[in-house]
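This report concerns only the one structure given below.
Quick note: the coordinates plus some simple rules give every number you see, no bench work behind them. Worth saying up front: this structure is predicted, and the values here are computed from it rather than measured. Here Cβ is always computed from backbone atoms with ideal geometry, including for glycine, and neighbour counts include all displayed protein chains.
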Amino acid sequence: LPKGRTLEGVLADFGGLTPPVVAARRDDPPTGPLVDVPGSVMVRYAEGWRGLISDRARSRRLSHGLRAAIRAGGTFHVWLHPINLYAGHPRLADVLRGFFAEVREEVDKGAVTVKTMGTIAHEALRGT
């Protein structure tokens, strides 16, 4: 297994399995309130062993996560490091373009709302 990865995580990437729907969590340490927005799925760069993950599996995983969030009414937190778009360019950009088009369709139907992490954090701090 790649360093730091579980068998379940690697199989999820290659199999395009549905990532989790998450919820923001408020924490109140002595230094002040914090909000944790767990990641649902990281868009991994297409280099090394990750380059073997098919674009179809990546797209399927994103699409399944979006559908799960719609069904559950929860948050589907997709994240990446901008440098991840560089390796194997334009592979990941193309995958994300397709996903963003799918998200746009759902936004237009009123099925989802796109929010920044800041907006989610403010809502969690307000309790909304």
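Taking 8 Å as the Cα distance limit and 6 or more residues as the minimum spacing, I'd like the relative contact order of the chain as a percentage.
Computed over the chain, the figure is 29 percent.
Distance in nm between label sites at THR6 and ALA111, each 7 Å beyond Cα in the beta-carbon direction?
2.8 nm
Using the Cα atoms of segment 1-111 to build a convex hull, what is its mean projected area in square nanometres? Walk me through the numbers on the way to the answer.
Working: hull surface 33.9 nm².
Over all viewing directions, segment 1-111 projects a mean Cα-hull area of 8.5 nm².
Taking the chain as the reference, fit the longest principal axis to its C-alpha atoms, fit the long axis of helix 55-72 to the helix C-alpha atoms, and give the angle between the two in degrees, 0 to 90, nearest 10.
Tilt of helix 55-72: around 20 degrees.
Which residue, chosen from LEU52, VAL41, VAL10, occupies the Cα position most advanced towards the positive end of the dipole of the chain, where the dipole is computed from +1 (Lys, Arg) and -1 (Asp, Glu) charges on Cβ about the Cα centre?
Most positive-ward Cα: LEU52.
Starting from the Kirkwood radius over alpha-carbon pairs of segment 1-61, derive D by Stokes-Einstein at 25 °C in a medium of 0.890 mPa s and give it in µm² s⁻¹.
Values: Rh = 13.5 Å.
Answer from the Stokes-Einstein relation: 182 µm²/s.
For a quick check: with amide H placed at 1.01 Å from N, whose amide H comes under 5 Å from HIS77's, ignoring anything fewer than 5 positions away on the same chain?
Placed amide hydrogens put VAL22, SER40, VAL41 under 5 Å from HIS77.
Please compute P(r) over all alpha-carbon pairs of segment 37-82, binned at 10 Å starting from zero, and give each bin as a whole-number percent.
Taking every Cα pair in segment 37-82, the percentages come to 26, 50, 21, 3.
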